[in-house]
Amino acid sequence: MKKTITKISFIAIMLCVVMLAANCKKDETTTPIQPSSIPVLKTISITDITSTTARTHGQIISDGGSIITEQGICWNSSPTPTIENNKIEINNSTGFDCEINGLQAYTKYYVRTYAINANGIAYGNEISFRTDLVVGDSYQGGFVAYLFAQGDPGYVVNEKHGIIAAPYDQSEYAEWGCNGNEIGGILSSLGTGQANTTAIVNGCSTSGTAARICNDLVLNGYNDWFLPSINELIRLYWNYDKIGGFAFTTGYWSSTETGYYYAYFLDFGPGTTSTEFKNDHKRVRAIRTF
């Protein structure tokens, strides 16, 4: 009887060992070791946007099972930026929060986070944004002198348009031109300077006049400059401290005439408008619109 019990116990023990071994083998086949991969990350947002800077925010979701050796943000003015374009490395184990500097005013940019581990480089989702534009910014050949407001000619909802002033005077001593000759059809309002300038150039063949100097100007890649109307010139005076380079001892010609012998000018000293003989000499500052 004792031998029978011992034999049964031995069989039971062996069955348990076999079952345990089977269970262990089953666990090994259902939970294999996962291979490492490239990181997983996210570009979250762009904030604090100015004319030349913006702040980026992102997050590393997974390191891919391998140590991240480099991480940061990359950007470009074309879609799908890479680290071959522009990048900033960020020394932070999990997140991204940094400021991009040196951007161009009123320009659309594309940004992505990136991270590198032993398996390669990964990029986060792409976010685009447009930098701001304010009076005084360097933009399209000169400085922003005035931004059109609702009701102004050239105003477009949700867009920025306005007047660009040349960065310096085009002449210190120019005639308005053709004294005694009325050009006609010359206006004073905002948005009329280009048409005024064309009419003056077509109606007055004298060389070196204020309108012709502006009409013939090619500056910083732009050739569509003109002599401002008196109301456009007033906008330059409003923001002269942000534009810079103006003289306060001599007036500036506008493209607005008042008859055969007189045209409007603006004295940047007291900030007053007046008329003067067309053969008098004043300063010239060209403008263009965008």
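Scanning region 134-147 for residues that are closer than 9 Å to H161 by Cα and free of Cβ contacts under 8 Å to residues at least 40 places away in the same chain turns up just one, L147.
Summed over region 185-198, the residues that are open to solvent by 30 Å² or more (accessible area, probe 1.4 Å), closer than 15 Å to Y264 by Cβ and either in a helix (DSSP H, G or I) or among the aromatic types (F, W, Y) (or both) give a count of 0.
Considering region 202-257, and only residues there that are among the acidic types (D, E) and outside any loop (DSSP other than H, G, I, E, B), the residue that is nearest to F277 (Cα to Cα) turns out to be E257. Residues considered: Y264, Y260. Of these, the only one that is surrounded by fewer than 18 Cβ atoms within 10 Å (Cβ to Cβ), aromatic (F, W, Y) and either outside any loop (DSSP other than H, G, I, E, B) or modelled with pLDDT of 95 or more (or both) is Y260. Looking across region 91-116, the residues that are free of Cβ contacts under 8 Å to residues at least 40 places away in the same chain and open to solvent by 20 Å² or more (accessible area, probe 1.4 Å) come down to N91, N92, S93, T94, T107, K108, Y110.
Looking at region 117-150, which of the residues that are in a loop (DSSP other than H, G, I, E, B) and in contact with a helix residue (DSSP H, G or I) (Cβ under 7 Å, 6 or more places away or on another chain) is least open to solvent (accessible area, probe 1.4 Å)? So, considering only residues that are in a loop (DSSP other than H, G, I, E, B) and in contact with a helix residue (DSSP H, G or I) (Cβ under 7 Å, 6 or more places away or on another chain), the one least open to solvent (accessible area, probe 1.4 Å) is G136. Quick check on my filter: what residues within region 272-290 are in a strand (DSSP E or B) and among the aliphatic types (A, V, I, L, M)? V284, I287 - these are the residues of region 272-290 that are in a strand (DSSP E or B) and among the aliphatic types (A, V, I, L, M). Candidates are the residues of region 59-84 that are small (G, A, S) and not in a loop (DSSP other than H, G, I, E, B); the one that is farthest from G102 (Cα to Cα) is S62. For region 151-184, give me the residue count where each residue is surrounded by 13 or more Cβ atoms within 10 Å (Cβ to Cβ), among the polar types (S, T, N, Q) and part of a loop (DSSP other than H, G, I, E, B). Of the residues in that region, 3 qualify. Each residue in region 34-58 was checked for being open to solvent by 40 Å² or more (accessible area, probe 1.4 Å) and more than 25 Å from the chain's Cα centre (by Cα), and 6 of them qualify.
What are the residues in region 250-282 that are of a type in the set (K, R) and over 15 Å from N196 (Cβ atoms), if any? Steps first, please.
Residues of region 250-282 of a type in the set (K, R): 278, 282.
Of everything in region 250-282, just one residue is of a type in the set (K, R) and over 15 Å from N196 (Cβ atoms), namely K282.
The values are calculated or read from the model by the stated rules, or taken from the named source; none is laboratory data. Since the structure is predicted, the reported quantities are computational estimates derived from the model, not experimental observations. Glycine gets a Cβ as well: all are built from the backbone with ideal geometry, and neighbour counts include every protein chain shown. Each accessible area value is taken on the protein alone, full model and side chains, heavy atoms only, with ligands, DNA and RNA left out. Shrake-Rupley method; radii C 1.70, N 1.55, O 1.52, S 1.80 Å.
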